[in-house]
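The structure appears below as structure tokens.
The values are calculated or read from the model by the stated rules, or taken from the named source; none is laboratory data. These numbers were taken from a predicted model, which means no experiment stands behind them. Please note: Cβ atoms are built from the backbone with ideal geometry, for glycine as well, and neighbour counts cover all protein chains shown.
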Amino acid sequence: MTDGRRAVLPVRGRRDVPVSVLDVGQRSLIKQRRGRYVAGSRAHPDRMAPDLARDLILDYTAPGGLVFDPFAGTGTSLVEAAYLGRRSTGIEIERDWVSIARDNLRRARLLGAAGAPRIVHGDATRPSAALAARLAGSVDLVLAAPPRTRSIPLDTSRRASAPGQSRLVEYRLLVDWNIGMFAVLNQCRLLLRPDGLIVLVTRPWWRDGRLHDLTGPILHTATRAGLHLADHRIATDALPRSKRPTTPAATARSPRTCDLANHRFSAVRHSDVLVLSTQTPGGGLDHAAR
């Protein structure tokens with residue numbers, strides 16, 4: 001580990017055997033954010049767990065490396081990169097989230113973070129020419145949690161209640177998501193170093209009694225954008241057995257189950273981590289061989 005990295009790739013100084021399952025359930029999200037993030041950071045619907053962001057940055061970058069987040073939100077990936085001595089830049093389309101992210105970055109600097117984080121307000125499908133020129137060919141890691149709906153605000157109350165109509169509207173939203181995601185991945189591909197990676201974290205979710213998952217749409221869109229799947233890892237945040245609630249009252253409040261429309265479902269306790277590369281499998285920069 002001469003360069004301080006924990007990358008899965010042997011040439012990047014990490015362990016020789018990849019760890020396919022990441023355990024990020026040792027600490028609650030409240031403990032992960034306590035003291036490091038300002039109030040309001042937990043409100044973002046697609047936020048990434050700080051410990052997961054930290055592990056992935058350690059896995060795929062070296063100190064001084066450059067991390068880019070096209071869906072920066074409240075700045076979790078940028079903050080964790082800064083604490084690890086990495087440079088980072090993020091784009092966020094919602095001004096309210098940009099404001100919270102800037103407060104988080106300011107707090108990280110006050111707490112001694114060595115990196116140089118930066119967030120800009122903008123659209124990741126069409127970043128400014130100046131930003132694109134500054135980052136072109138220099139990003140080591142694109143780390144992001146894609147939105148689970150369109151990246152622009154929408155009024156979900158307009159969704160029809162009839163099953164057939166609900167599916168029709170849902171499909172239209174998915175098409176919009178694919179168009180936007182394709183544009184974002186195209187832009188990210190241009191920013192990568194030759195051996196850079198794009199790591200996307202997506203978490204399944206329940207809605208209207210159905211489990212939704214973006215893994216398939218992400219892989220389909222990534223292929224269209226000229227990217228290849230280098231690895232598929234799982235991040236689990238299930239509590240260790242020793243920390244699970246045992247009293248009847250605590251068990252009734254356990255997050256391991258949820259109640260939707262008076263039906264009980266197993267709560268989602270994992271995220272999919274998709275590692276994408278511009279290199280074809282079996283090429284000179286094949287992920288498994290490095």
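Where strands (runs of 3 or more DSSP E) sit wholly within region 177-290, those with at least 1 residues that are at pLDDT 90 or above, surrounded by 15 or more Cβ atoms within 10 Å (Cβ to Cβ) and touching a Lys or Arg at 6+ places or on another chain (Cβ under 7 Å) occupy 270-277.
In region 160-170, the condition of being of a type in the set (Val, Ile, Thr), under 21 Å from residue 97 (Cβ atoms) and modelled with pLDDT under 90 is met by no residue.
Scanning region 93-113 for residues that are of a type in the set (Asp, Glu) and touching a residue at least 60 places away in the same chain (Cβ under 8 Å) yields a total of 1. When region 43-67 is limited to residues that are modelled with pLDDT under 85 and part of a loop (DSSP other than H, G, I, E, B), the one that is surrounded by the fewest Cβ atoms within 10 Å (Cβ to Cβ) turns out to be 45. Filtering 40, 85, 13, 25 for residues that are surrounded by fewer than 22 Cβ atoms within 10 Å (Cβ to Cβ) and at pLDDT 90 or above leaves a single hit, 85. For region 96-123, residues that are closer than 30 Å to residue 182 by Cβ and assigned to a helix (DSSP H, G or I) total 9.
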